[in-house]
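Okay, structure first, notes after.
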């Protein structure tokens, strides 16, 4: 059953990689600067991404039988730390629910460390 669920989620992800709402996976740099914030004080929350406008995004952490490639799940291979600044792209996971409720659940399609340019 878990294998079937994973297969369906993975196929959905692959289909979304070229739609008009998503940067084509792996062909462009990540586009949105975000700060990693620790929201463990909020019920059911953990590390989240905070955008410049204050919006919080709850990353979807998937469980795999076999480790995915970086292209399949970039966040799986990335070590998040509170206070870290990153650039991300995402797809909103509308079928998922969470008790955190501080922001939408998102599947990260691109993530890189980001250092602001020196002016």
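The values are calculated or read from the model by the stated rules, or taken from the named source; none is laboratory data. In this text, all values refer to a predicted model and were calculated from it rather than measured experimentally. Heads up, the Cβs are rebuilt from the backbone with ideal geometry, glycines too, and the neighbour counts pull from every protein chain shown.
Some observations on this one:
- Filter result for residue 54 (without any contact (Cβ under 8 Å) to a residue 24 or more places away in the chain, part of a loop (DSSP other than H, G, I, E, B) and at positive phi): yes
- Taken over the stretch 90-100, the residue count meeting the criterion of being more than 19 Å from residue 52 (Cα to Cα) and either without any contact (Cβ under 8 Å) to a residue 40 or more places away in the chain or surrounded by 13 or more Cβ atoms within 10 Å (Cβ to Cβ) (or both) is 7.
Residues checked against (1) part of a loop (DSSP other than H, G, I, E, B); (2) under 17 Å from residue 41 (Cβ atoms); (3) more than 13 Å from the chain's Cα centre (by Cα); (4) modelled with pLDDT of 95 or more:
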{"position": "67", "(1), (2), (3), (4)": "yes, no, yes, no"}
{"position": "86", "(1), (2), (3), (4)": "no, no, no, yes"}
{"position": "89", "(1), (2), (3), (4)": "no, no, no, yes"}
{"position": "97", "(1), (2), (3), (4)": "yes, no, yes, no"}
{"position": "101", "(1), (2), (3), (4)": "yes, yes, yes, no"}
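- Residues located in the stretch 69-84, provided they are under 10 Å from the mean Cα position of the chain (by Cα) and either outside any loop (DSSP other than H, G, I, E, B) or under 12 Å from residue 48 (Cα atoms) (or both): 74, 75, 76
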